[in-house]
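Right, one structure below, let's go through it.
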Amino acid sequence: MRDGLPNDFDPLVPETFDSPYEVFERLRRQCPVAHTHAWGGAWAFAKYDDVKTAASDSKTYITSVQNVVPKVAFTGRRPPLHLDPPEHTPYRAALNPLLSEAKVAPLEPAIRGFAAELLDPIIARGKGDICIDFSSHLPIYVFAHWMKMPAELVDALRTVGRNYNVAVQSNDVEVTKETSLELYRMARALIELRKANPLDPDEDPTSALLAARYEGQPLPDELIVGCVRQVLVVGIIAPTVVIGSICVHLSRHQDLQQKLRAEPALIPAALEEFLRLYTPYRGFARTAVREIEVRGVTIEPAEPIALLYASANRDEEVFPDPDEFKLDRPNIREHLAFGRGPHNCVGAPLARLELRVALEELLARTASFDLDGPIKQTRFPEIGALEVPLRFKRGA
Ligand code: HEM
């Protein structure tokens, strides 16, 4: 870390469910380009415009040095997140068509089935933890289904994926490393299976990556492994956390809970506002390729910069009364919960479908739900709920 840099915030102080947003508000007001001494030094952009500009400009702000603070990638490069364009492009070209809105729509009945399977026992019991018992499992079921994983790998992913999920969110480095290696082994097993028996690349993500070409050549084996490994978990953590956070909000606002239960057609609009308010990825990171100046602050190459998506989405200059839930924000689609630019979330259509179905099923199966104990929150680089004990009144 360079001498003389300020320590504007401490990301390691204990947090409550609401406290990070107070810190973000102060940063936007006092030091929108903030620096922390934590993790060997890191910058953070807190304003919407700066975050959006940096995420959109992949020539200046790259992901290949460090894409998250603190650095959690211990093992190998995992496309697409860890690569810069143009090396990044063929992985997106292979994955994008398999995650379009039209392509994921037919998954809805299966997702509804998984949601019911997980919700029924806890609702019958009258209580349960919506993260531990439901939202940390649902994305894994959905993922395994989308990736057409064979039964034995599905079972392994359900255990390892969940352990990885919990370890990352609790900053448990040892378990993160162990489970990450296990996920690599699973990625290799899936690739070997598809090499032996290829599926239609228009239908199967792994086969699409194996069929992809860059400058006429197949993608390097170890990067396909990295990509499958990344895809295995990248879409697991965010839905876990955001569903938990939504349930906290709906427990605190019973009127809104009843309104969405009575008018499920409002759920898609509500989801966008929830994604803005409870953006589950606090911030992904970039490094600049040259010395840059932002709002009068000089940042040197290779100094990590967290793009605080969760702060940008509460920037009062873009979203007035930013801490309030409003169903009718005219610019709601401008939120940055799924990022921007070349690394924007390829899985957004699947995520939106999964969140909508989860919320519809939860509301339809209950007459009401409420908090039943303390909320536990996750840490950087995520933000939101990790444990949310609820008590349920069953629906008719
Ligand atoms: C609530 C759910 C989700 C949220 C909020 C979310 C958010 C994000 C964000 C903010 C990024 C940008 C990273 C950056 O700027 O460096 C991203 C990238 C990515 N997401 Fe999601 N995500 C979600 C679910 C999913 C799902 C279900 C998938 C399924 C495949 C997925 C796959 C990916 C991939 C592969 C990338 C890397 C894209 C690239 O580097 O080109 N995500 N996601």
**Fill in**
Within segment 27-41, the residues that are assigned to a loop (DSSP other than H, G, I, E, B) and in contact with a helix residue (DSSP H, G or I) (Cβ under 8 Å, 6 or more places away or on another chain) are Pro32
**Prompt:** Does Ala348 count as in contact with a Phe, Trp or Tyr (Cβ under 8 Å, 6 or more places away or on another chain) and either within 16 Å of the ligand (Cβ to nearest atom) or touching a residue at least 24 places away in the same chain (Cβ under 8 Å) (or both)?
**Reply:** yes
**Request:** Would you be able to say whether some residue in segment 71-80 is without any contact (Cβ under 8 Å) to a residue 24 or more places away in the chain and surrounded by 14 or more Cβ atoms within 10 Å (Cβ to Cβ)?
**Result:** yes
**Message:** Return the residues of segment 1-25 that are assigned to a helix (DSSP H, G or I) and either surrounded by 14 or more Cβ atoms within 10 Å (Cβ to Cβ) or touching a residue at least 24 places away in the same chain (Cβ under 8 Å) (or both); say none if nothing qualifies.
**Reply:** Pro20, Tyr21, Val23, Phe24, Glu25
**Item:** Those residues of segment 226-258 which are of a type in the set (Ser, Thr, Tyr) and surrounded by fewer than 24 Cβ atoms within 10 Å (Cβ to Cβ), in sequence order
**Value:** Ser251
**Fill in**
Scanning segment 155-186 for residues that are part of a helix (DSSP H, G or I), under 19 Å from Gln377 (Cβ atoms) and not aliphatic (A, V, I, L, M) gives Arg162, Tyr164, Asn165, Gln169, Thr176
**Request:** Report, by residue number, each residue of segment 319-337 that is in contact (Cβ under 8 Å) with a residue 60 or more places away in the chain and within 16 Å of the ligand (Cβ to nearest atom).
**Result:** Ile332, Arg333, His335, Leu336, Ala337
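So that you can scan it fast, the table gives a plain yes or no per residue for (1) hydroxyl-bearing (Ser, Thr, Tyr); (2) near the ligand (Cβ under 10 Å from one of its atoms); (3) assigned to a helix (DSSP H, G or I); (4) in contact (Cβ under 8 Å) with a residue 24 or more places away in the chain:
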residue: Pro85; (1), (2), (3), (4): no, yes, no, yes
residue: Arg92; (1), (2), (3), (4): no, yes, yes, yes
residue: Pro97; (1), (2), (3), (4): no, no, yes, yes
residue: Val104; (1), (2), (3), (4): no, yes, yes, yes
residue: Ala115; (1), (2), (3), (4): no, no, yes, yes
residue: Leu118; (1), (2), (3), (4): no, no, yes, no
residue: Ile122; (1), (2), (3), (4): no, no, yes, yes
residue: Ala144; (1), (2), (3), (4): no, no, yes, no
residue: Leu153; (1), (2), (3), (4): no, no, yes, yes
**Complete:** Within segment 381-396, residues being outside any strand (DSSP E or B), out of contact with any Lys or Arg (no Cβ under 6 Å at 6 or more places or on another chain) and surrounded by 24 or more Cβ atoms within 10 Å (Cβ to Cβ) number 2
**Item:** Criterion: of a type in the set (Asp, Glu), in contact with a Gly (Cβ under 9 Å, 6 or more places away or on another chain) and away from the ligand (no atom under 16 Å from the Cβ) - qualifying residue of Glu291, Glu316, Glu303
**Value:** Glu303
**Request:** Would you check if there is a residue in segment 44-55 being of a type in the set (S, T, N, Q), assigned to a helix (DSSP H, G or I) and crowded, with 19+ Cβ neighbours inside 10 Å?
**Result:** no
**Prompt:** Among (1) surrounded by fewer than 18 Cβ atoms within 10 Å (Cβ to Cβ); (2) touching a helix residue (DSSP H, G or I) at 6+ places or on another chain (Cβ under 9 Å); (3) at pLDDT 90 or above; (4) not aliphatic (A, V, I, L, M), where does Cys131 come up short?
**Reply:** (1)
**Item:** Unmet requirement for Leu371, which otherwise passes all of (1) out of contact with any Ser or Thr (no Cβ under 8 Å at 6 or more places or on another chain); (2) at pLDDT 95 or above; (3) aliphatic (A, V, I, L, M)
**Value:** (1)
**Prompt:** Which is in contact (Cβ under 8 Å) with a residue 24 or more places away in the chain and either in contact with a Cys (Cβ under 9 Å, 6 or more places away or on another chain) or on the phi > 0 side of the Ramachandran plot (or both), of Asn165, Asn171?
**Reply:** Asn171
**Asked** Scanning segment 273-288 for residues that are within 12 Å of the ligand (Cβ to nearest atom) and small (Gly, Ala, Ser), which turns out modelled with the highest pLDDT?
**Response** Ala285
**Asked** Quick one: would you say Ala238 is part of a strand (DSSP E or B) and within 22 Å of Ala46 (Cβ to Cβ)?
**Response** no
**Item:** Matching entry among Phe338, Phe380 (being under 30 Å from Asp84 (Cβ atoms) and modelled with pLDDT under 95)
**Value:** Phe380
**Message:** Arg365 - would you say it is farther than 21 Å from Glu382 by Cβ and either more than 12 Å from the ligand (Cβ to nearest atom) or in contact (Cβ under 8 Å) with a residue 60 or more places away in the chain (or both)?
**Reply:** yes
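The values are calculated or read from the model by the stated rules, or taken from the named source; none is laboratory data. No experiment lies behind these values; they were computed from the predicted model shown. Neighbour counts are summed over all protein chains in view; Cβ atoms, including those assigned to glycine, are modelled from backbone coordinates with ideal geometry.
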